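Chemist: Below you will find the structure I want to go over with you.
No lab work stands behind these numbers, since they all come straight from the coordinates. Since we're looking at a predicted model, the values are computed, not measured. Cβ atoms come from the backbone with ideal geometry, glycine included; neighbour counts cover every protein chain shown.
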Amino acid sequence: MCWTEISNRAEQFSNKWHDRLVEEGADFLEIANTQTFYDEFFEIFGRDRSSVANYEERVRLKGREGRYPKRIDLLWPDVLLIEQKAPNKSLDDAYEQAMEYVENLCKSKRPRYIMISDFNVFELYDGEACDRRKGLIKCFSLLDLPKHVKTFDFMPNFNMTPRLQSKHICDKEGNPMPGPILRNICKNARWLLLASWTIGLACGLVWSNTTNSQRPATNPSLNSVKPVSSPSQSLPSSIDLE
């Protein structure tokens, strides 16, 4: 997965949904299409939406405890909140709604980014900005999505599972790089060598101790016994005859 492939996927996505919006016109329904739209949007970046983000996340608004909780269109906890509107509806209401949700979420779920959309237009905001104008990161149309994929640099899954993984694995700049298994081996090569050396040393010590324990025991007293000389050795070398 690299930026070139992401851009290609974004182009296919934007063309497909633009054609659908034009074809269905006023019959295009927000409720019927939102979830499919964003499942495919996440797939552009190699993400399985269901593994990171939820639809219809409930949030209770302060001062409205007695009422039913509101539902966030999409929430990727700590990362992204999306508020979706029907085509050609005002995004001002969507922004106010999204900010109200953010203020009422627990801190662990508050997103770094907020996106509002009516399918035709996308507006991405810094979730930590207190002013809409200052917080706007990018605004663009659906057909311009391929040009702005790097705006979503927090989205790509560069370490995808083999099921989703591209044949060509690239870094964030689009440069080829080894796959995740090889990267981990290279990264931990020093520790692997140290571990193998330690195991080899331990095996050597065990083998040495085992060999020594299997040798027959020797009797130290036997080593101190002097050899018995033969009778011939006790006789003089020459005999004097009288």
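Chemist: Can you tell me how much longer the chain between R20 and L201 gets when fully stretched, taken as 0.36 nm per residue apart minus their C-alpha distance, in nm with one decimal?
Modeler: Once the chain is fully extended between R20 and L201, it gains 58.4 nm.
Chemist: Test of understanding: what is the full-extension gain from K70 to N88, defined as 0.36 nm times their sequence separation minus their Cα-Cα distance?
Modeler: Length gained between K70 and N88: 4.2 nm.
Chemist: Add +1 for every Lys or Arg and -1 for every Asp or Glu among the other residues with Cβ under 15 Å from the Cβ of E24, and state the total.
Modeler: Computed value for this residue: -3.
Chemist: Still on this model: Show me the GluC sites (Glu not before Pro) within segment 1-94 that DSSP assigns to loop and that have at most 14 other Cβ atoms within 10 Å of their Cβ.
Modeler: Loop-located and lightly packed - E65.
Chemist: Multiply the residue separation of C139 and T151 by 0.36 nm, subtract the distance between their alpha-carbon atoms, and state the gained length in nm to one decimal.
Modeler: Taking 0.36 nm per residue and subtracting the Cα distance, the gain is 3.3 nm.
Chemist: Ok, one more. Once label points are set 7 Å from the Cα along Cα→Cβ at both N8 and E30, what is their separation, rounded to one decimal in nm?
Modeler: Placing both labels 7 Å beyond Cα along the Cβ direction yields 3.5 nm.
Chemist: Beyond a 29 Å Cα-Cα separation, which of these cross-linked pairs lie in this structure: K70/K147; K85/K109; K62/K85; K16/K150; K16/K134; K70/K107?
Modeler: Listed pairs above 29 Å: K70/K147; K16/K134.
Chemist: Could you estimate the translational diffusion coefficient of segment 1-154 from the Stokes-Einstein equation, with Rh from the Kirkwood formula over C-alpha pairs, at 25 °C and 0.890 mPa s, in whole µm²/s?
Modeler: Translational diffusion coefficient: 153 µm²/s.
Chemist: What nm distance separates the two modelled labels at R60 and C106, each placed 7 Å from Cα along Cα→Cβ?
Modeler: 1.2 nm
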